[in-house]
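What follows is a set of notes on a single structure, which appears directly below.
The values are calculated or read from the model by the stated rules, or taken from the named source; none is laboratory data. This one's a predicted model, so the numbers in the text were calculated from it and none came from an experiment. Reconstructed Cβ throughout: ideal geometry from the backbone, glycine too, with neighbour counts over all protein chains shown.
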């Protein structure tokens, strides 16, 4: 029994390490090895993939990892999650979600990388994510939020000329009597905590890791 446990731990360590170093091919290979070793998909997710991406996120926050490395880690995690999700659902389980988040970059702004990374980090941290892409009109944020019954709207703006759209979105939600229904998180290069406070946003994410922490707090999930 001890030998079997040791083998399982070794396989899970390999999965976590592959995600942490951002090697997608190695991650997929390690995940398939874990599946072939009869390790439950939920266990692979909880004991290897999530700890691996969390470690990468911690180093990013400390300035020891940079955006390209974190994107590679997130890509590896996303690919692995794509294999595991159907298996988890096939077992009659539902992938546990903390809530549903709608994300997009505001109209007039085509910057996508940071917002996409936030989406991947949220989805691999237990959120269901609906990504509207870039250059999204304000009315579409509102329509999709209502249609998908989301908990949080995440609004990205990468230009000083477009960040005003974040304020306008909150004003539109107020006008439509929907402000109390949705939490709003703002982010993007020119965005600050002061700006978020001034426009009445519920949260501000300086980076993808922080955005996940803020989202968890807003839905009452402890880190």
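Checking each residue in the range 123-147 for being under 16 Å from the mean Cα position of the chain (by Cα) and outside any loop (DSSP other than H, G, I, E, B) picks out 123, 127, 128, 129, 130, 131. Within the range 190-223, the residues that satisfy the criterion of being in contact (Cβ under 8 Å) with a residue 60 or more places away in the chain and under 19 Å from residue 70 (Cβ atoms) are 205, 207, 208, 209, 210, 211, 212, 215, 216. For the range 179-193, filtered to residues that are under 7 Å from residue 204 (Cβ atoms) and more than 18 Å from the chain's Cα centre (by Cα), the residue that is surrounded by the fewest Cβ atoms within 10 Å (Cβ to Cβ) is 193.
Need at least 2 residues that are under 21 Å from residue 215 (Cα atoms) and under 17 Å from the mean Cα position of the chain (by Cα) per element, so show me which helices (runs of 4 or more DSSP H) inside the range 11-114 make the cut, counting only ones lying wholly within it. It would help to see each step written out before you state the result.
Values: elements: 24-36, 41-44, 50-61, 67-90.
So the answer is 50-61, 67-90.
Taking residue 80 as the residue in question, decide whether it is under 14 Å from residue 125 (Cα atoms), in contact (Cβ under 8 Å) with a residue 60 or more places away in the chain and either surrounded by fewer than 17 Cβ atoms within 10 Å (Cβ to Cβ) or not assigned by TED's automatic domain parsing to the domain that holds residue 122 (or both).
Details: under 14 Å from residue 125 (Cα atoms): yes; in contact (Cβ under 8 Å) with a residue 60 or more places away in the chain: yes; either surrounded by fewer than 17 Cβ atoms within 10 Å (Cβ to Cβ) or not assigned by TED's automatic domain parsing to the domain that holds residue 122 (or both): yes.
Spelling it out, residue 80 is indeed under 14 Å from residue 125 (Cα atoms), in contact (Cβ under 8 Å) with a residue 60 or more places away in the chain and either surrounded by fewer than 17 Cβ atoms within 10 Å (Cβ to Cβ) or not assigned by TED's automatic domain parsing to the domain that holds residue 122 (or both).
The single condition among (1) in contact with a helix residue (DSSP H, G or I) (Cβ under 9 Å, 6 or more places away or on another chain); (2) without any contact (Cβ under 8 Å) to a residue 12 or more places away in the chain; (3) more than 30 Å from residue 156 (Cβ to Cβ) that residue 6 does not meet is (1).
Do we have any residue at all in the range 38-49 that's buried (at least 17 other Cβ atoms within 10 Å of the Cβ) and either in contact (Cβ under 8 Å) with a residue 60 or more places away in the chain or in the same structural domain as residue 122 (by TED's automatic domain parsing) (or both)? Yes, some residue in the range 38-49 is buried (at least 17 other Cβ atoms within 10 Å of the Cβ) and either in contact (Cβ under 8 Å) with a residue 60 or more places away in the chain or in the same structural domain as residue 122 (by TED's automatic domain parsing) (or both). Each residue in the range 117-157 was checked for being buried (at least 20 other Cβ atoms within 10 Å of the Cβ) and out of contact with any strand residue (DSSP E or B) (no Cβ under 7 Å at 6 or more places or on another chain), and 5 pass. Looking at 150, 120, 155, just one residue is over 20 Å from residue 189 (Cα atoms) and either in a loop (DSSP other than H, G, I, E, B) or assigned by TED's automatic domain parsing to the domain that holds residue 204 (or both), and that residue is 150.
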